Structures are given as C-alpha cells and as structure tokens.
Amino acid sequence: MSPPQKMLLLSLLSIFLHRASAQITVDTCCTSGYEWASQKQECKNLPVISESKQCRITQEQCCINQLEELHCTSGITIANEKDACDISEEENATCESRFAKRCCNCCLLGRTAQAQGQSCEQSLFLGYQCSLVFRACCVKGQDGPDTASQDEANRPSISNADTEDFMMGDRCRGGGPCNHQCRDTGTSVVCSCYAGYQLQPDGVTCEDINECISGTHNCKVGQICINQVGSFRCQREVNCGTGYELTEDNSCKDIDECSTGTHNCLPTFNCQNTPGSFRCRPKLQCSAGFIQDALGNCIDINECLSLNAPCPPGQTCINTEGSYTCQRHVVNCGRGYHLSADGTKCEDINECSSSQNPCGEGHTCLNVPGSYRCDCRAGYHFDTLRRSCVDINECRGYSGRICAHKCENTAGSFYCSCTTGFRLAIDGRNCEDVDECTSNPCSQECANVYGSYQCYCRRGYQLSDVDGVTCEDIDECALPTGGHICSYRCNNVPGSFRCTCPLTGYTLAPNGRNCQDVDECVTGTHNCSGTETCFNIQGGFRCLSFECPKNYRKATETYERSDTSRCIKSCWPNDISCIMDPVHTISNTVVSLPTFREFNQPQDIIFLRAITPAYSVGPKPDIQFAITEGNLRDSFDIQKRWMDGTTVGVVRQVKPIVGPFHATLKLEMNYVVGGVLSHRNIVNVHIFVSEFWF
C-alpha cells in the first residue's frame with residue numbers, strides 16, 4: 001500500500017477505518033515496522049496503519065527485531081574490523097549497545113573457534129541468535145572447501161532437505177540490490193542500513209547519520225561532538241594546556257619531556273620531569289669558593305665584595321681563585337693622583353699630557369692639581385659629566401628663532417634650509433618664494449602661488465591626475481551626457497567636439513548639434529517622374545501616384561496639406577450599384593514619424609474631422625471610426641473625441657516602432673443614422689517611420 005493511500009485511510013470515518021484495517025495483512029504490518037526501524041533507527045511513534053491490536057503488536061515486534069539485527073550487524077562489523085569489542089559495558093549502557101556487544105562477542109568466539117581448528121557447529125547453550133552469529137563468523141573465516149568438508153564429515157547425518165541451500169530463490173542473496181542489509185518479504189525486497197546510517201529516498205543507498213547535527217549523540221558538558229562514519233566521538237572542548245596531552249578517554253596526562261626528548265636541557269645538565277613541565281639539573285657540582293651560573297659553569301666567588309668583611313681591620317682583602325687572602329693596608333691615592341715610584345706619596349696626574357686630548361680635538365686642555373679644565377671653541381661647551389667639550393645644538397636650544405624653515409645642526413655651528421618652493425635668502429636664515437612659472441613647468445597655463453605653483457588648462461582640456469602638469473583633451477563625446485550633445489553622432493576633436501548627421505536626408509542645424517530634415521520635394525533634389533507626386537518624409541522622400549478607382553474622380557478643391565489626395569464618388573445616372581455604394585470619398589495621405597527614443601505613452605499622429613458637426617439640427621448621425629487594414633502587430637488604434645463641437649477620430653501609435661518602417665492603414669468613417677449606415681468615407685494613411693529619433 002503506498003503512503004498516499006495510507007494518509008487517505010486515516011482521514012476517512014471510523015467505519016471505513018474498521019473495514020480498511022480488516023483488509024491489512026499481518027505481513028503488511030510487519031513490513032511497516034521493519035521499514036520504520038530501518039529508516040528511523042528507533043521504534044517510538046510508530047505510524048498507525050490499522051486500528052487492529054494484532055497489527056500494532058506485529059508492527060512493534062518486527063520493528064524491535066529489525067533494530068536488534070541492525071545493531072547486531074554493527075557488532076559483527078566491529079569484531080571483523082578491530083578483532084576486539086570496544087563497546088561500553090557500563091550499567092547504564094543503552095539497549096542498542098548491549099545488542100552490538102553481544103553479537104560482537106559471539107562473532108569473536110566464532111573467529112577464535114575457526115582459528116583454533118574447532119568445529120563451526122557450536123553445541124553450547126549460547127542462544128539462537130548467538131549461535132547463528134558464531135557459525136557465520138566461523139564459516140566466513142575458513143580458507144576453502146576442504147575445511148568445510150571435514151566439518152561435514154564430523155557432523156551426524158542430516159537429511160537432504162536440511163542440506164539444501166535455504167537461500168535458493170531469495171532475491172537478497174549476495175546482498176541483492178541493497179547497499180547494506182536486504183530482506184525479502186516474499187512480495188518485495190526491503191533494504192535497511194547498519195546502525196549509524198539512514199536509508200536514502202531511493203530505498204537502496206545508505207548514508208552516514210551526522211549525530212552531531214541531529215542531536216542524537218550523548219556527549220557530556222565540556223565535550224564537543226565529532227562525527228565519524230557510522231558513529232561519532234566526544235572530545236574535550238577545552239585543551240589540557242602546556243605540558244599535558246589528551247588521552248582517548250578525554251583525560252589530561254602529563255607529558256614526560258625527559259623521556260620523549262622534547263626538553264631543551266644542555267648536554268651538561270640532567271633533565272628532571274615535573275607535572276606539566278621539566279627542570280634542568282647541572283651534572284657538574286662546584287666546589288667551595290665557586291658558584292654555578294645558568295649554563296652550569298663554575299664561577300669564582302669574590303669574597304672581598306661580601307657584606308661581612310672576611311679580613312680584620314687594618315688589612316686589605318685580595319680575592320684569589322676559589323678563595324681570598326688578607327694583606328696589610330697600603331697608601332691609597334684619590335682621583336687625579338697616583339702613587340709615587342717609591343710608593344710613599346701621591347703625585348698629581350697630568351691628564352693633558354696624554355696622547356688623546358681629554359677635551360677633544362681642537363680644544364685647549366689646562367691641567368690643575370688632581371684634575372684638569374677645558375677651553376672650548378665657539379659652538380661648544382664643557383660637559384661636566386663627560387669632562388670634555390661637546391657640540392651646542394643651536395637648532396634645539398633656539399628652535400624657531402634661528403631659521404625661518406628648517407634648521408640642521410653641524411659640528412660647532414648650524415645650517416638653515418628651505419622647504420620645496422622656497423630658496424634661502426641672502427641673510428642665510430630667511431626663505432623667499434620661488435616663481436616656478438618662469439621655467440614653464442605646465443603644458444598650458446601656470447599660476448604662481450606662495451611656495452608652489454598651479455597648472456590649469458584652457459577650455460576643452462583637463463589637468464592630468466597623474467602628474468598635475470599635463471593638460472589632456474576632454475572627450476566630450478565620452479562624458480555621461482555625451483549621448484545628448486549631438487542629435488546623431490559626436491566626433492571628438494582636440495579641445496572641442498563636432499556633431500555630424502546621416503550622410504543623406506539630413507543637414508546640420510545652425511546650432512551645430514541638431515540634425516534637420518532636408519525637404520527634397522522643395523529643393524528639387526528628388527527623382528520623381530511627371531506622373532508621380534513627391535512626398536517628403538524624415539530623412540528622405542517617396543514618389544507616389546494616387547489614382548482614383550472606377551466611379552470616383554479627384555477633388556478639384558485645394559487643401560492646406562500638399563501630402564493629401566482625395567477622390568469623390570461620381571456615378572452615372574443609371575448605375576444603381578454605384579449609387580447604392582455607401583463609400584462617398586476615398587482619401588490618401590502620407591505621414592512621416594520618427595523612431596521615438598523613449599516611448600512611454602501613446603502618441604497622437606492623425607486627426608480625422610467629420611464633415612457633419614456633432615451638434616447639427618435634425619437627426620444626429622453616429623460617426624464611427626475603425627482601422628480595417630494594415631495595423632501590423634496592433635501598433636495603432638483610433639479613438640473618438642469631440643473637439644470644438646466637431647467629432648474627431650484620433651489615430652494613435654500605441655506601441656514602439658523601430659524604423660525604417662512602412663505601413664498603410666485603411667481607416668473608415670461610418671455615418672450611422674437611426675441604426676442604418678448612411679454613408680462611409682475611407683482614408684488610406686501611408687505611414688513612414690524613420691530609423692532616427694530626430
């Protein structure tokens with residue numbers, strides 16, 4: 001039964017539910033539970049397909065049985081791939097994990113029996129399902145038919161019916177069409193997936209379930225879920241920190257840097273591991289009188305510098321390697337003096353007599369008892385700390401008061417300089433403006449400004465953004481408004497632009513931008529024959545000849561419009577058919593239109609005025625206007641209006657037309673009096689649309 005049929009059954013009345021449920025077989029109920037377990041991986045909220053208690057029990061049992069098979073298959077897979085059953089054995093372990101654990105252990109027993117050469121027919125009371133798993137894993141590991149034959153020889157005789165392949169005729173043999181598991185219900189083949197997978201809409205393929213996204217994982221607080229194929233794992237969210245590593249059970253373990261060799265102790269040190277770190281202990285132990293430095297070297301201790309003087313009063317301490325000695329006091333001379341040759345008195349040191357002048361090169365040194373003094377040159381002063389002559393930085397000491405712009409200190413003096421656009425004045429301190437325009441730096445015009453200059457360009461040019469000096473031509477035709485400068489085509493020239501018109505039919509207007517039509521019929525530049533009439537249109541002309549049809553003659557009256565020809569009906573007295581013909585006049589007119597650049601609304605192009613006034617005495621005729629021929633793509637329509645007390649038919653262009661285009665509209669003006677056609681006037685409008693908008 002298809003899902004839409006099941007939904008329809010649920011929406012019917014209870015009497016129909018009872019009759020429908022009576023028709024559902026036990027096999028159908030079992031198949032429903034089997035498919036639900038295969039797709040949802042759980043047996044909660046089973047769909048109600050029948051009100052029958054027997055059907056609900058069957059559906060639930062088949063669902064639970066399929067769940068056991070799915071998780072059992074997962075346990076078999078773990079045993080075959082890992083040779084171990086790493087499945088939780090906690091007291092609060094889920095029912096699914098206990099199913100997988102049991103089948104994994106039964107499969108390991110079968111594989112062990114096969115490896116030890118034991119029989120695959122287990123006689124222990126392992127239970128029905130465990131015996132099947134035991135035998136399947138044992139037989140799967142046998143190498144060839146010889147081992148199977150030996151097992152058959154050791155078994156008691158079995159009837160031929162028992163030895164027949166019970167899989168014969170099973171459409172699931174060899175896995176069938178299914179990606180994982182296959183079940184032949186007799187009427188159809190039902191596919192299911194291993195635990196951690198879900199069946200795809202094609203009913204055959206199995207795809208991994210991302211438990212981390214679906215929220216079906218059991219990771220604890222402080223752990224993050226990481227999806228794996230067919231399963232997932234939980235990992236600590238916060239790392240263990242330096243000196244520790246994360247174990248498989250999500251606990252932190254100290255890293256022994258000494259055993260792993262990740263310490264940085266020098267060869268002269270021993271590595272000692274500590275929780276989360278390590279320490280470097282020196283291998284060499286220093287003897288008394290020495291101290292060990294950071295590199296493990298033994299350095300002599302200067303006992304004479306200790307707070308507690310090691311020597312008694314009246315004696316001088318002398319440090320030795322690893323120890324010290326005490327000697328009696330000797331004469332001590334102060335700064336600027338030294339001991340005489342006999343060691344009995346102190347003599348003045350002449351600092352000025354040394355090879356290097358203590359005051360500095362070029363300065364005068366004067367010796368005084370116990371010291372010396374310096375006579376410094378101009379631009380220098382005596383530094384009491386350095387006891388030498390040092391340069392005076394005039395730029396720092398008199399900032400802004402020596403130079404107008406920039407001050408540069410030199411040895412014993414200073415130097416003034418100016419910023420760009422200025423030059424140093426005669427006094428060597430002030431700065432005066434430089435007129436850069438005298439050297440013609442600009443390509444066109446130059447204006448000197450204080451400290452700089454400014455280039456500008458003549459009309460039609462613009463200053464270059466690259467160097468700010470060169471004047472570049474402005475392409476007026478390429479500007480955003482360039483398309484509206486000229487009515488037809490814009491040609492850029494240095495410093496300006498020039499507009500042009502089409503080669504024929506137009507001439508440039510006096511304003512130098514617009515194109516105006518050339519009336520070839522007036523200038524006589526047409527080539528119409530004597531029997532043809534020249535009609536001027538936008539951008540050209542047409543030679544047309546309008547002849548009146550039979551029983552019509554040309555009207556002799558003149559009109560203001562030279563592009564209109566009118567024929568009036570003229571019948572013989574005895575020509576009844578001509579007299580009864582309602583058409584009184586046939587007119588031909590020529591209309592020239594541009595291609596509208598922006599066609600936003602209908603455009604009025606022709607006005608047909610009725611001869612009879614709209615408010616005349618007597619029966620008022622109803623004048624009706626119509627377009628009977630030539631309205632291609634319904635580009636035109638006609639409206640009836642009243643203007644100045646007269647009925648007028650207005651022909652409008654209602655759709656955009658791109659020229660060149662020619663159409664002949666046949667218009668009818670029907671005069672109807674009392675519901676009867678009185679007479680009719682026909683107007684043939686020859687419309688020529690130019691390819692240009694001007």
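Residue check: is C234 closer than 30 Å to Y197 by Cβ, without any contact (Cβ under 8 Å) to a residue 24 or more places away in the chain and hydrophobic (A, V, I, L, M, F, W, C)?
yes
Please note which strands (runs of 3 or more DSSP E) are completely contained in region 492-595 and include at least 2 residues that are touching a residue at least 12 places away in the same chain (Cβ under 8 Å) and either under 27 Å from P660 (Cα atoms) or outside the structural domain of T470 (by TED's automatic domain parsing) (or both).
Counting at least 2 such residues, we get 496-500, 515-517, 533-537, 540-544, 552-554, 564-569, 583-593.
I'd like to know if region 683-694 contains one or more residues that are over 60 Å from the mean Cα position of the chain (by Cα) and touching a residue at least 60 places away in the same chain (Cβ under 8 Å).
yes
Only one of G360, G334 is part of a loop (DSSP other than H, G, I, E, B) and either surrounded by 11 or more Cβ atoms within 10 Å (Cβ to Cβ) or free of Cβ contacts under 8 Å to residues at least 24 places away in the same chain (or both). Can you tell me which?
G360
I'd like to know if region 285-293 contains one or more residues that are acidic (D, E) and farther than 30 Å from T320 by Cβ.
The answer is no, given that none of the residues of region 285-293 is acidic (D, E) and farther than 30 Å from T320 by Cβ.
Being under 45 Å from the mean Cα position of the chain (by Cα), among the hydroxyl-bearing types (S, T, Y) and either surrounded by 13 or more Cβ atoms within 10 Å (Cβ to Cβ) or closer than 30 Å to P177 by Cα (or both): is that true of T205 here?
Yes; evaluated as a whole, the condition is true for this residue.
For Q462, state whether it is closer than 30 Å to P494 by Cβ, surrounded by 11 or more Cβ atoms within 10 Å (Cβ to Cβ), in contact (Cβ under 8 Å) with a residue 12 or more places away in the chain and touching a Lys or Arg at 6+ places or on another chain (Cβ under 6 Å).
Here the answer is no, as Q462 does not meet what is asked.
Looking only at residues in region 465-490 that are surrounded by 16 or more Cβ atoms within 10 Å (Cβ to Cβ) and outside any loop (DSSP other than H, G, I, E, B), which one is modelled with the highest pLDDT?
C471
For region 201-222, enumerate the residues that are in contact with a His (Cβ under 9 Å, 6 or more places away or on another chain) and either in contact (Cβ under 8 Å) with a residue 60 or more places away in the chain or within 18 Å of S97 (Cβ to Cβ) (or both).
The one that is in contact with a His (Cβ under 9 Å, 6 or more places away or on another chain) and either in contact (Cβ under 8 Å) with a residue 60 or more places away in the chain or within 18 Å of S97 (Cβ to Cβ) (or both): E211.
If you check every pair at least six apart or on different chains, which have Cβ atoms under 6 Å apart with a residue in region 661-677 that is assigned by TED's automatic domain parsing to the domain that holds T589 first and a residue that is not in a strand (DSSP E or B) and not hydrophobic (A, V, I, L, M, F, W, C) second?
Taking only residues 6 or more apart or on different chains, the pairs are A663/G630; T664/G630; L665/G630; K666/G630; Y671/P621; V673/P619; V673/P621; L677/P582.
Here are some conditions: (1) in a helix (DSSP H, G or I); (2) modelled with pLDDT of 80 or more. S74 meets all but one. Which one does it not meet?
The failed condition is (2).
Yes or no: T564 within 30 Å of I579 (Cβ to Cβ) and in contact with a strand residue (DSSP E or B) (Cβ under 8 Å, 6 or more places away or on another chain)?
yes
Within the set of pairs 6 or more residues apart or between chains, which connect a residue that is more than 18 Å from N80 (Cα to Cα) and at pLDDT below 80 inside region 105-130 to a residue that is of a type in the set (G, A, S) and in a helix (DSSP H, G or I) with Cβ atoms less than 6 Å apart?
Final answer for the pair search is Q122/S131.
Scan region 244-263 and tell me whether some residue there is within 30 Å of Q327 (Cα to Cα), charged (D, E, K, R) and either surrounded by 12 or more Cβ atoms within 10 Å (Cβ to Cβ) or modelled with pLDDT under 85 (or both).
Checking region 244-263: not a single residue is within 30 Å of Q327 (Cα to Cα), charged (D, E, K, R) and either surrounded by 12 or more Cβ atoms within 10 Å (Cβ to Cβ) or modelled with pLDDT under 85 (or both).
How many residues does region 188-225 contain that are in contact with a helix residue (DSSP H, G or I) (Cβ under 7 Å, 6 or more places away or on another chain) and over 16 Å from Q41 (Cα atoms)?
Qualifying residue count, region 188-225: 1.
Given the criteria in contact (Cβ under 8 Å) with a residue 12 or more places away in the chain, touching a strand residue (DSSP E or B) at 6+ places or on another chain (Cβ under 8 Å), over 27 Å from V591 (Cβ atoms) and crowded, with 16+ Cβ neighbours inside 10 Å, does C457 qualify?
For C457, the condition - in contact (Cβ under 8 Å) with a residue 12 or more places away in the chain, touching a strand residue (DSSP E or B) at 6+ places or on another chain (Cβ under 8 Å), over 27 Å from V591 (Cβ atoms) and crowded, with 16+ Cβ neighbours inside 10 Å - is met.
So if I check each of N250, N239, N264, N270, which one is within 29 Å of C298 (Cα to Cα), in a loop (DSSP other than H, G, I, E, B) and polar (S, T, N, Q)?
N264
So that you can scan it fast, the table gives a plain yes or no per residue for (1) basic (K, R); (2) at pLDDT 90 or above:
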{"position": "G400", "(1), (2)": "no, no"}
{"position": "E408", "(1), (2)": "no, yes"}
{"position": "C416", "(1), (2)": "no, yes"}
{"position": "R423", "(1), (2)": "yes, yes"}
{"position": "N430", "(1), (2)": "no, yes"}
{"position": "N440", "(1), (2)": "no, yes"}
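The values are calculated or read from the model by the stated rules, or taken from the named source; none is laboratory data. Just so it is clear, the model here is predicted, and its values are computed rather than measured. All Cβ positions, glycine included, derive from the backbone under ideal geometry; neighbour counts span all protein chains shown.
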